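Remarks on the structure that follows.
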Amino acid sequence: MTRAAIEDLFARWQQYVAARDVSGFSALYAEDAVVESPTAGGTVRGRAKIEEVTRAWLAGFPDVAMPLDQLLIDGDRVARIVEAHGTDTGGFLGLPPTGKPFRLPIVLLNSVRDGLIVYERRVYDFTGMLVQIGVLKVTPI
């Protein structure tokens, strides 16, 4: 893929997230794509499962935004840095909603092929997010 095609792919990713278009978002992933994510329970395989995980995120955090901070491209490998922010108004992972906001820097490591995302590793502080939304409590030192 050319650099311009990769930039376009991830610009559409941003647009679909902002529009809450889960079908459009999921179509950017190959049928056999693999996503590794703490909130997905580890490794998710296939476009349908990726769509399921995305729907769960949007149900838990209906106002979530994920603006792009940086896009680094090296051949067919892409690193994206975003900062997700939103509010736990829908409940997450089967827990009742807390109504609390969160800000979460995320690094997304991708591989692309034939105009689609074939691999994605989502790296973020999941525990810190749970503390922010009030699911976990911490004791100050």
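Laboratory data are not the source of any read-out in this text; all were calculated from the coordinates shown. Please read all numbers here as calculations on a predicted model, not as lab measurements. Quick reminder, even Gly has a Cβ in these numbers, built from the backbone with ideal geometry, and neighbours come from all protein chains shown.
Normalising by the residue count of the stretch 1-86, find the relative contact order in percent from Cα pairs under 8 Å and 6+ residues apart.
Details: 94 pairs, mean separation 19.9, N = 86.
The normalised contact order for the stretch 1-86 reaches 23 percent.
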**Prompt:** So, in Å, what gap is there between the alpha-carbon centers of the stretch 25-50 and the stretch 79-126?
**Reply:** 12
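Please give the contour-minus-distance gain from LEU72 to GLU52: 0.36 nm per residue of separation, less the Cα-Cα distance, rounded to one decimal in nm. It would help to have the intermediate numbers written out before the result.
Numbers: separation 20, 0.36 × 20 = 7.20 nm, distance 2.72 nm.
Difference between extended and current length: 4.5 nm.
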**Asked** For the stretch 51-65, what does the Karplus curve 6.51 cos²θ - 1.76 cosθ + 1.60, with θ = phi - 60°, yield as ³J(HN,Hα) per residue in whole Hz, taken in order and with x for Gly and Pro?
**Response** 5, 4, 5, 5, 4, 5, 4, 5, 6, x, 10, x, 9, 4, 10
**Asked** Using modelled backbone amide H atoms (1.01 Å from N, in-plane), which distant-in-sequence or interchain residues come within less than 5 Å of LYS100's amide H?
**Response** ASP88
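Do any trypsin sites (Lys or Arg not before Pro) in the stretch 38-141 lie in a loop, going by DSSP, with at most 12 other beta-carbon atoms within 10 Å of their beta carbon, and if so which? Don't jump to the answer; show the numbers that get you there.
Working: sites: ARG45, ARG47, LYS49, ARG55, ARG77, ARG80, ARG103, ARG113, ARG121, ARG122, LYS137; in loops: LYS137.
Loop-located and lightly packed - LYS137.
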**Asked** Which values of log₁₀ I(q)/I(0), to two decimal places, follow from the Debye formula for the chain at q = 0.13, 0.18, 0.20, 0.21 Å⁻¹ with a uniform point scatterer at every Cα?
**Response** -0.55, -1.04, -1.27, -1.39
